[in-house]
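Presented below is the structure to which this report refers.
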Amino acid sequence: MSSDFRAENSIPRHVAIIMDGNGRWARKRSLPRTAGHKEGLESAKRIVRAASNLGISYVTLYTFSTENWKRAQEEVGYLMGLIKGHLRAEFEFYKENKIRIEHIGNLSGLPRDVQEEILNAKKDTAHFSGTTVVLAINYGGRDEIIRAAQKLLESPAASQGNALSEEKFSAEFDLPDLPEVDLLVRTGGEKRLSNFLLWHAAYAELLFTDTLWPDYSVDEFERDIKEFSSRNRRFGGTDALGGAK
């Protein structure tokens, strides 16, 4: 990516992606759904590398939701294996691109071997200074909010009746320092958040594309970044002419 692109466009600090369409991509090719997930992993690597080249600080990938446990046992097992194998095998990719791995989601609800791979990936990449890739695994926005509320209820401050603030509440999230989402992209044609980063995306710019995730290219990603840079973000305020819209 050229420096001209970075100079002429406003680069979001935090991009969140709902990687939808793996199953439909596979079905169109008369392949098993697992083939779509495998190809989706390759797409994720392309987009992460592009985000790193653009200087995007955070990329959060909706990898496995709290609702995905409802899928067929075979598919869930494959996804758990894919996550575990990817975290183990891609260290050189992380090292080459200075990628730091983080996780959000209910870690304790995952198989023990997957938990260990997530913790190892976080530890092994903690010193890298490039893009932070946040893997949302066993993640649900409502679940994160409920777990944060439970932590507050169990804290000494709760018994003292101290007033609650947004800052105190968000400090109990899985990654308290995770910045709010600037741009949220969903592939695959659906137009909903699907319980993803409900708190963090309160003022995110939303982009929906019909492109299935395995087909989502670096060129389309860069077009989405350009689209983001053209938007006037007011955060509930007024535009340049003084009128609220």
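For the reader, a short list of remarks on this structure follows.
- Centre-to-centre, using Cα atoms only, the stretch 80-126 and the stretch 26-70 are separated by 15 Å.
- Bins of 10 Å, starting at 0 and running to the largest distance - Cα pair percent for the chain: 7, 29, 36, 21, 7, 1, 0
- Straight-line cross-link reach from Lys95 at under 19 Å between alpha-carbon atoms covers these lysines, not counting any fewer than eight positions away in the same chain: Lys45, Lys84, Lys122, Lys123.
- Global form of the stretch 93-207, assessed from the alpha-carbon gyration tensor, a/c cut-off 1.5: oblate
- Rounded to whole Å, sorted largest first: equivalent-ellipsoid semi-axes of the stretch 51-126, Cα gyration tensor: 23, 14, 12
- The GNM of the chain, with springs linking C-alpha atoms under 10 angstrom apart, assigns the highest mean-square fluctuation among Phe169, Phe128, Phe64 to Phe169.
- Solvent exposure of the chain amounts to 52 Å² per residue of accessible area, where only protein heavy atoms count and the probe is 1.4 Å.
- Around Val133: net Lys/Arg minus Asp/Glu count, Cβ-Cβ under 12 Å: +3
The values are calculated or read from the model by the stated rules, or taken from the named source; none is laboratory data. Just so we're clear, the structure is a prediction, and the values are computed from it rather than from any experiment. All Cβ positions, glycine included, derive from the backbone under ideal geometry; neighbour counts span all protein chains shown. What goes into the accessible areas is simple: the full protein's heavy atoms, side chains included, and nothing from ligands, DNA or RNA. Shrake-Rupley method; radii C 1.70, N 1.55, O 1.52, S 1.80 Å.
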